[in-house]
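The structure appears below as structure tokens.
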Amino acid sequence: MDTLKERTARGLFWGAVNSGATQLLNIVVGIFLARLLSPGDYGLVGMLSIFSAIAGNLQSSGFSTAIVNMKAPTASDYNAVFWFNVLTSLAIYAVLFFSAPLIAAYFRQPCLVELSRLVFLSFVIASFGIAHNAYMFKNMMNRELAAVGVVALVVSGAAAIAMALCGLAYWTLAWQQIIYIALVNIGRYFYTPWRPSLRVDFSPIRRMFPFSVKILVTTMVSTASNNILTFIFGRLYKPGAVGNFSQAYKWNFMAYSFVSGTVAQVAQPVLAAIADDAGREKRAFRKMARFTAFLAFPAMLGLSLVADEFITVTISRKWADSVPLMQMLCVGGAFMPLHTLYQNLAISRGRSDIYMWCSVAQIVLQVAVIMALHTYGIEAMVGAYTALNIAWLGVWHAAAGRLIGLRAADLLADTAPFALAAAGVMCVAWAAALPVGNVVARLLLKVAVAAVLYFAVMRLARVQILQESIDFVKVRLRRK
């Protein structure tokens with residue numbers, strides 16, 4: 001049997017492949033669609049994102065997370081979660097279907113009535129694959145998850161581009177979501193040996209409820225936190241302004257999700273497996289924190305560095321207003337994967353209460369700060385939102401770090417060197433590109449200087465994470 005270390009390394013490798021391929025394909029498709037569609041198209045669909053996301057949280061209700069955290073879930077556990085998800089999603093869709101006119105009235109956009117009813121179908125379709133996804137996640141089937149995601153993205157992306165060329169405008173983005181999740185579900189059924197049964201027993205749901213209800217509240221709060229700005233902007237500003245923010249947020253989210261997704265696919269299963277050994281758990285967590293910082297800070301600070309050139313070259317100057325928003329969000333995004341790591345630590349210890357209360361307090365404070373600054377404009381609100389997310393890492397550490405005896409000095413020792421190195425590298429890359437007038441050449445020069453210099457600094461500092469990553473890739477290539 002593979003050791004936990006080998007399974008973790010393999011899981012991280014395929015998690016990186018999955019996240020990397022997903023984000024690369026999203027970038028390619030996103031570039032085409034952003035050139036074909038308008039900021040207003042993105043703004044209209046973005047206004048609905050908070051409703052779709054919260055509905056998705058309600059249909060899962062934290063039970064899939066509970067399954068992943070169980071030592072040995074049974075077929076009955078998976079079956080109960082499957083039918084609960086399906087029945088709940090149908091009930092939620094019925095409520096949202098009849099609430100569509102109210103949603104359209106809130107945003108003062110009549111077209112949202114029909115658009116929302118189509119967009120909300122995506123979470124109904126998704127409900128049929130949640131239990132299967134939990135099975136694959138529990139068993140760290142990251143290679144299969146990568147294959148499913150890539151195929152679904154390619155097909156749904158190609159279909160979306162074709163629809164955009166045919167002039168379907170914002171309907172393009174709605175249909176893209178539906179096609180994507182339908183294909184993902186087909187892939188999950190193909191790779192998962194478990195099948196739902198008509199013999200339904202909801203007793204596992206009752207057993208999981210005390211743990212799951214806290215996960216549900218937390219995920220809903222986290223979802224509200226991630227979408228609160230779009231929801232508020234949709235009321236205060238025109239669809240074009242909301243679209244610019246949605247575009248900035250999308251690129252930021254895609255970038256930090258690469259790191260978060262890579263780590264999250266192994267963090268909870270691994271930490272849950274060694275939760276009874278505090279010393280080992282602490283060492284594993286600190287190593288994950290170093291790996292996270294090693295990837296997150298150069299990736300996110302680098303994207304902030306090239307935001308202007310990236311937007312200009314890829315999706316044109318019509319999105320120029322999204323650049324300053326994207327730069328601020330990316331600085332905050334560098335810290336988000338560490339938030340995710342602490343969340344997985346709390347969940348692996350069965351402390352969904354910590355996960356819940358930290359998230360609830362964060363969203364309450366976010367709303368208060370954002371609304372206090374709404375008269376100062378979008379940039380002021382986004383800046384405050386970013387600063388609060390960075391500062392909140394200290395709260396997560398105080399609440400979850402004590403579970404394994406992790407000191408603030410430990411976290412700083414593990415992450416600060418990567419943050420400082422990345423910031424220094426980006427300053428040098430920015431200065432090196434100043435004399436270059438051509439936007440494409442300036443983009444390429446910034447990327448090249450930053451990548452080469454960061455790699456050189458890591459090599460000179462003899463960073464263990466870098467060497468272990470290189471060694472693992474070499475082993476994988478030799479096995480091929």
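The values are calculated or read from the model by the stated rules, or taken from the named source; none is laboratory data. Quantities reported herein were computed from a predicted structural model and do not represent experimental measurements. When we count neighbours, we look across all protein chains shown, and the Cβ atoms used for this are built from the backbone with ideal geometry, even at glycine. Quick note on the areas: whole protein, heavy atoms, side chains included, nothing else; ligands and nucleic acids left out. Shrake-Rupley method; radii C 1.70, N 1.55, O 1.52, S 1.80 Å.
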(Q) So for each of 191-204, 334-347, 37-50 I average, over its residues, the number of other beta carbons within 10 Å; can you give me the resulting order with the highest mean first? (A) 334-347, 37-50, 191-204
Q. How much space per residue, in cubic angstrom, does the convex hull of the C-alpha atoms of region 335-377 take up?
A. 54 Å³
Q: Give me the percent of the accessible area of the chain that comes from carbon and sulfur atoms, probe 1.4 Å, all protein chains in place.
A: 69 percent
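Mind ranking 140-153, 394-407, 453-466 by how tightly packed they are, going by the mean number of other C-beta atoms within 10 angstrom, highest first?
Working: 140-153: 20.1, 394-407: 16.9, 453-466: 14.9.
Packing proxy ranking, top to bottom: 140-153, 394-407, 453-466.
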Q) Considering the Cα trace of region 287-441, what is its radius of gyration and what is Dmax, both in angstroms? A) 17.7, 55
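I need the shape label for the chain. Rule: rounded when a/c is under 1.5, else prolate if a/b > b/c, else oblate, with a, b, c from the alpha carbon gyration tensor.
Cα axes put the chain in the rounded bin.
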Q: Once you've got the Cα coordinates, tell me which of K287/K318; K71/K250; K138/K446; K250/K287; K238/K446 are over 32 Å apart.
A: K287/K318; K71/K250; K138/K446; K238/K446
Q) For region 333-388, with every protein chain kept in place, what is the accessible area per residue (1.4 Å probe, Å²)? A) 36 Å²
**Q.** Alpha-carbon spread of region 352-468, three principal axes, descending order, Å
**A.** 48, 43, 19
Q) Which value, in debye to the nearest 20, gives the size of the charge dipole of the chain about its Cα centre, when Lys and Arg are +1 and Asp and Glu are -1 at the Cβ? A) 920 debye
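Taking each full run of DSSP H in the chain as one helix, which ones are at least 20 Å long along their axis (Cα atoms) and have mean Kyte-Doolittle hydropathy of at least 1.6? Don't skip to the end; give the middle numbers.
Working: long enough: 4-36 (47 Å, 0.64); 75-107 (44 Å, 1.32); 142-165 (34 Å, 1.67); 171-191 (31 Å, 0.69); 203-236 (45 Å, 0.73); 239-273 (47 Å, 0.44); 278-305 (39 Å, 0.28); 352-372 (30 Å, 1.50); 378-400 (32 Å, 1.07); 408-433 (36 Å, 1.46); 439-460 (31 Å, 1.99); 464-479 (23 Å, -0.28).
What comes out of the filter, once short or polar helices are dropped, is 142-165, 439-460.
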Q | Square roots of 5 times each gyration tensor eigenvalue, C-alpha, region 132-250, largest first, Å | A | 32, 24, 13
**Q.** Value of [θ]222 nm, deg cm²/dmol, for the chain, DSSP H segments ≥ 4, -39500 (n - 2.57) each, nearest 500
**A.** -28500 deg cm²/dmol
